[in-house]
Amino acid sequence: MAPAGALSTDLYEFAMAAGYYASAGKAHGSFELFVRELPATRGYLVAAGLEPVLEFLSSWQCAPEEIEFLRSVPALSGAPASFFDEYLPGLRFSGDVWAMPEGTPVFAGEPLLLVRGALAEAQLVETALLSTVLFQTSVASRAARVVEAAAGRAVTEFGGRRAHGVEAAVAAARAAVLGGCDATSSAAAGFRYRVPVAGTMAHSWVMASNNEITAYRRYVELFGDQAVLLIDTYDPIVATNAITEAGLAPAAVRLDSGDLEGLSRAVRARLDAGGLTETRIIVSGDLDEFRVAALASSGAPIDGFGVGTALSTSSDAPFLSGVYKIVEVEQGGVLTPLMKLSTGKRTAPGRKQVWRRRDGGRAVGDTVGLCDEPGPMGFEPLLRQVMRGGERTVAPVSTLEARSRCRTAVAELPSAVRRLESPAVYQVTRSAGLDQLAESVLASRAGAGPHGE
């Protein structure tokens, strides 16, 4: 989902834009969005959020009422009047963007996104890009883990009511489907992104009825072969017996509490004995990839999982150590590579490309190098230009297309990297050219002194 508008950023970004404007600076810069370190629970991430980012950049502009608000902010009182009267009204994003296609597995230190453009423009979009890409990448990555744990059983995202607001709920639903989920319970996400939606029934439907079987009968009469009956409002075994005795044939039944393994076996036995061999069993209730894996490996007769909180809040890694850092500046035709030297936060200079090597259909290692270096023999470049001069260079990719790419690409990763606990470290190396440039920048920095002499 695209951020709300031009004010979807931090105030200091506008202060810097005003500074660039006031100094009549014509400099351009390149910024890279990447994750410094993977969460301890993750062996890989899944790139997500690019389509919403491109929508945002394509429509980015300051509305008149937003400009008037900025004019009233004390921290911007030093900006020239023409900044508000002339510059901001006509400002649009006119830069270039390269990105990892959504659904691509990505690792620490690899740019997910590269933005090149006028410094003010590239700076103003920073917060929106970070919040969009990092949140959806975190959710998509968790979804890929849950889907792998399900071992071929269906997974539906159920987390809207636990998300951090309705906008986050829709964004999480999109990312979860992109990461591999079969469907979402979010009607808004289904409408906006044309992804499959699924749902069952509420406990209140059963509780508001005179009795349980009447509630089930009315539901089946209404929804026919689409009916999924929630059977644990009172006693799931009693409910299953009542369903078979009444001759009802729901598409599925759902368990949302209790010993899901034991109950699923008991319910399956009763459904089969009643001739309902085609009725599926779906389970939910505070599930994550570890509980899903345990249930799947137990051989329990479970056909699908509904996973909510773990996905919509990315509860194991609710934030990523993602940053958006300048790597070069161009002014007066002179290109200067830049690197940050802060302790623990050092960056690498220059615009980069990421190449991936495959062997027998398996991804076996990546190399991060400078974008103008020749790629290593047999490696595929991952970053592709998606915007030039503020205009898209690629057609929109649907969430379901991205999901297909994700499923294929994740399956190519070594199984040890994909495992749920103590995943192996995927090999990511730096090119000789990148190392040489970093050494050169460090040397020039050391020789310049604190005042640049």
Quiz item: Mean 1/r over all different Cα pairs, inverted: what Kirkwood radius does the chain give, in Å?
Solution: 24.3 Å
Exercise. Could you run the Karplus curve 6.51 cos²θ - 1.76 cosθ + 1.60 with θ = phi - 60° over region 152-163 and give me ³J(HN,Hα) per residue in whole Hz, x for Gly and Pro?
Key: x, 7, 5, 10, 10, 7, 10, x, x, 6, 9, 6
Quiz item: What is region 143-312's relative contact order, in percent, from Cα pairs under 8 angstrom and six or more apart in sequence?
Solution: 28 percent
Practice problem: For ARG280, enumerate residues with amide H under 5 Å from its amide H, sequence gap 5+ or separate chain, H modeled in the peptide plane. | Solution: ALA252, VAL253
Self-check item: Estimated FRET transfer efficiency when R0 is 25 angstrom, pair LYS345-GLU65 (beta carbons, to 0.05)
Solution: 0.10
Exercise. Round to the nearest 0.05 the FRET efficiency obtained for THR41 and ARG161 when R0 = 30 Å and r is the Cβ-Cβ distance.
Key: 0.80
Practice problem: Quick one: net charge around ARG346, please, counting Lys, Arg +1 and Asp, Glu -1 for every other residue with C-beta under 14 Å from its C-beta. | Solution: +2
Quiz item: Using alpha carbons only, how many degrees (0 to 90, rounded to 10) separate the axis of helix 212-223 from the longest principal axis of the chain?
Solution: 60 degrees
Practice problem: Find which of ALA188, GLY361, GLY90 sits farthest along the positive direction of the dipole of the chain, computed with +1 on the beta-carbon of Lys and Arg, -1 on that of Asp and Glu, about the Cα centre. | Solution: GLY361
Quiz item: With each run of n ≥ 4 DSSP H residues scored as -39500 (n - 2.57), what mean residue ellipticity at 222 nm is computed for the chain after dividing by its residue count and rounding to the nearest 500 deg cm²/dmol?
Solution: -11000 deg cm²/dmol
Self-check item: Label-point separation in nm, ARG419 to GLU55, each point 7 Å along Cα→Cβ
Solution: 3.9 nm
Quiz item: Once you have the alpha carbon radius of gyration of region 104-232, what is it after dividing by 2.2 N^0.38 Å, with N set to its residue count?
Solution: 1.40
Practice problem: About the Cα centre of the chain, how large is the charge dipole given +1 on each Lys and Arg Cβ and -1 on each Asp and Glu Cβ? Please answer in debye to the nearest 20. | Solution: 660 debye
Practice problem: Round to the nearest 10 and give me the degree value, 0 to 90, for the angle of helix 432-448's Cα axis relative to the longest principal axis of the chain. | Solution: 50 degrees
Exercise. Compute the distance in nm between two label points, each set 7 Å from the Cα along the Cα-to-Cβ direction, one at SER23 and one at ALA411.
Key: 5.2 nm
Practice problem: Against the globular-protein guess of 2.2 N^0.38 Å, express the Cα radius of gyration of region 143-312 as a ratio, rounded to two decimals. | Solution: 1.01
Self-check item: In nm, spacing of pseudo-spin labels at SER321 and ASP235 (7 Å Cα→C-beta vector)
Solution: 5.4 nm
Exercise. Could you calculate the contour length gain from CYS371 to ALA81, that is, 0.36 nm times the residue separation minus the distance between their Cα atoms, to one decimal place in nm?
Key: 100.4 nm
Quiz prompt | Crossing angle, helix 50-59 versus the chain [Cα axis fit, 0-90 degrees, rounded to tens] | solution = 50 degrees
Exercise. Could you compute the FRET efficiency for LEU335 and ARG362, with r as their C-beta to C-beta distance and R0 at 45 Å, rounded to 0.05?
Key: 0.75
Quiz item: Once amide H atoms are built 1.01 Å from N in the peptide plane, which residues 5 or more positions from THR429, or in another chain, come under 5 Å H to H?
Solution: ASP366, THR367, VAL368
Quiz item: How much net charge surrounds ALA40 when only other residues with a Cβ under 11 Å from its Cβ are counted (Lys, Arg +1; Asp, Glu -1)?
Solution: -2
Self-check item: Within straight-line cross-link reach of LYS340, lysines at Cα separation under 18 Å, skipping those fewer than 8 residues along the same chain
Solution: LYS325, LYS352
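The numbers here are math on the coordinates, done by the rules we state, and not lab data. These numbers come from a predicted model, not from an experiment. A quick note on method: Cβ atoms are made from the backbone with ideal geometry, for glycine too, and the neighbour counts reach across all protein chains shown.
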